[in-house]
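The values are calculated or read from the model by the stated rules, or taken from the named source; none is laboratory data. The structure presented is a predicted model; accordingly, all values stated were derived computationally and were not measured. Quick reminder, even Gly has a Cβ in these numbers, built from the backbone with ideal geometry, and neighbours come from all protein chains shown. With ligands, DNA and RNA removed, areas are computed over all heavy atoms of the protein, side chains included. Shrake-Rupley method; radii C 1.70, N 1.55, O 1.52, S 1.80 Å.
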Amino acid sequence: QVQLAESGGGLVQAGGSLRLSCAASGRIFSINTMGWYRQAPGKQRELVATISLGGTTTYADSVKDRFTISRDNAKNTVYLQMNSLKPEHTAVYYCNVNTMVTPTRTYVGIWGQGTLVTDSA
């Protein structure tokens, strides 16, 4: 079984920066795509950014040029560097990791517990 541990959330002033981390541990056979999602109060969960095993990234239009996703495959960890934060970025941020399960050898998405990012105006 794979567990995800998120860290790095908190309160930040408008224009500030935060770096989120999400480390996978447990019985890991293989991980491909890793990503970050967020859910703001009263809204549905939405995609923020993803990164493939080879490093190809995708971003929501609303965070391009502000957020950067990266990963350390040796540590099974994905990061989200968030710069120039605005109040509208306030949300619970969740990491999602696609990990191989056995015996089917298929990939399933595992969710982190979420970390709260609050940007004060």
Practice prompt. With the checklist (1) over 15 Å from the mean Cα position of the chain (by Cα); (2) in contact (Cβ under 8 Å) with a residue 60 or more places away in the chain in hand, flag the one item Asn32 doesn't pass.
Written response: (1)
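Per-residue answers, yes or no, for (1) farther than 18 Å from Ser120 by Cα; (2) in a strand (DSSP E or B); (3) under 15 Å from the mean Cα position of the chain (by Cα); (4) not charged (D, E, K, R):
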residue	(1), (2), (3), (4)
Arg19	no, yes, yes, no
Lys43	yes, no, no, no
Leu53	yes, no, yes, yes
Ser62	yes, no, no, yes
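Yes or no: Leu47 at negative phi, surrounded by 14 or more Cβ atoms within 10 Å (Cβ to Cβ) and touching a residue at least 24 places away in the same chain (Cβ under 8 Å)?
No, not satisfied.
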Worksheet item: Can you name every residue in the stretch 75-108 that is among the small types (Gly, Ala, Ser) and at pLDDT below 95?
Response: Ser84
Worksheet item: Applying the selection to the stretch 65-108, what residues are over 12 Å from the mean Cα position of the chain (by Cα), under 24 Å from Arg27 (Cβ atoms) and of a type in the set (D, E, K, R)?
Response: Asp72, Lys75, Arg105
Response to the item:
Reported set for the stretch 1-15 where residues are polar (S, T, N, Q) and within 13 Å of Cys95 (Cα to Cα) is Gln3, Ser7
Item to complete: List the strands (runs of 3 or more DSSP E) that sit entirely inside the stretch 75-121 and contain at least 2 residues that are touching a residue at least 40 places away in the same chain (Cβ under 8 Å) and touching a Gly at 6+ places or on another chain (Cβ under 9 Å).
Response: 77-82, 91-101, 115-120
Worksheet item: Before we move on, is Gln39 at pLDDT below 95, open to solvent by 60 Å² or more (accessible area, probe 1.4 Å) and touching a Lys or Arg at 6+ places or on another chain (Cβ under 7 Å)?
Response: no
